[in-house]
Amino acid sequence: MSDNLKKLASEVVSRLEDIYPDAPCALEYNGEPWKLLVMARLSAQCTDARVNIVCRELFKKYPTPEALAAGELSDIEKIVYPCGLYRVKSAEIKEECRILTEVYDGILPDKMDELLKFPGVGRKVANLLLGDIYKKPAIVTDTHCIRISGRLGLTPYGEKNPVRVERILVSLVDKEKQSDFCHRLVMFGRDTCKAKGPLCGECRLSDLCKNKNA
């Protein structure tokens with residue numbers, strides 16, 4: 001990667017830190033790793049806000065991974081229904097919790113290859129877990145990350161492949177800043193750099209942007 005791209009990435013990271021001093025995960029899992037595993041699966045094609053609401057009821061009824069693993073699938077489906085794809089998601093979070101309790105004694109693994117063994121877990125979710133739970137370098141290539149990175153010129157404009165975007169950003173963003181950088185991109189994408197109608201006139205990164213209004 002060119003020095004110019006690395007300088008751009010450093011400036012973007014710095015400005016986002018100024019805009020958002022705190023970088024919390026949008027999923028309210030209260031520091032319990034198994035809950036983030038479940039919530040991350042439910043968040044596919046669903047807003048984090050809705051997942052947070054649904055999971056209040058889900059975790060009240062099933063307060064431990066053992067309880068969720070033993071839960072009736074039809075009951076789980078009723079709760080998860082608002083998240084969409086409820087049949088697949090319900091079966092997968094139930095199986096995730098079974099594997100977590102029976103194979104890993106309730107301790108979420110801290111290796112990518114182990115996390116990818118859980119149903120419904122791809123690199124995006126695995127990186128979220130590694131970054132948030134274990135504070136490891138991790139780039140979460142969700143829609144905000146892919147869109148904003150392309151607009152800013154950190155990645156080739158129009159590049160939609162999450163693995164390629166991940167590899168590029170891993171080479172550009174300092175390891176210790178990667179996880180929080182992705183959380184900040186989510187907030188920035190919701191506030192300013194929206195998918196439709198980005199607020200370029202109000203954007204504090206506008207002078208860095210290579211694809212304004214795109």
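The values are calculated or read from the model by the stated rules, or taken from the named source; none is laboratory data. Being a predicted model, the structure only gives us computed values, none of them experimental. When we count neighbours, we look across all protein chains shown, and the Cβ atoms used for this are built from the backbone with ideal geometry, even at glycine.
Remarks
- Note on the range 96-110: residues that are farther than 20 Å from Tyr29 by Cβ and of a type outside the set (A, V, I, L, M) total 1.
- Test result for Ala44, of a type in the set (A, V, I, L, M, F, W, C), at pLDDT below 95 and in contact with a helix residue (DSSP H, G or I) (Cβ under 9 Å, 6 or more places away or on another chain): yes
- Of all the listed residues (Glu77, Glu17), the sole one being outside the structural domain of Glu166 (by TED's automatic domain parsing) and of a type in the set (D, E, K, R) is Glu77.
- For the range 1-95, the helices (runs of 4 or more DSSP H) that sit wholly inside it and include 1 or more residues that are of a type outside the set (Lys, Arg) and surrounded by fewer than 18 Cβ atoms within 10 Å (Cβ to Cβ) are 3-19, 48-61, 65-70, 73-80.
- Within the range 96-129, the set of residues being crowded, with 20+ Cβ neighbours inside 10 Å, in a helix (DSSP H, G or I) and either in contact with a helix residue (DSSP H, G or I) (Cβ under 7 Å, 6 or more places away or on another chain) or among the acidic types (Asp, Glu) (or both) comprises Glu96, Cys97, Leu100, Leu115, Lys124, Val125, Ala126, Leu128, Leu129.
- Exactly one residue among Tyr134, Tyr157, Tyr104 is at pLDDT 95 or above and either touching a Gly at 6+ places or on another chain (Cβ under 9 Å) or more than 30 Å from Lys6 (Cβ to Cβ) (or both), and that residue is Tyr104.
- Residue within the range 137-157 that is under 18 Å from Lys35 (Cα atoms), part of a loop (DSSP other than H, G, I, E, B) and in contact with a helix residue (DSSP H, G or I) (Cβ under 7 Å, 6 or more places away or on another chain) present: yes
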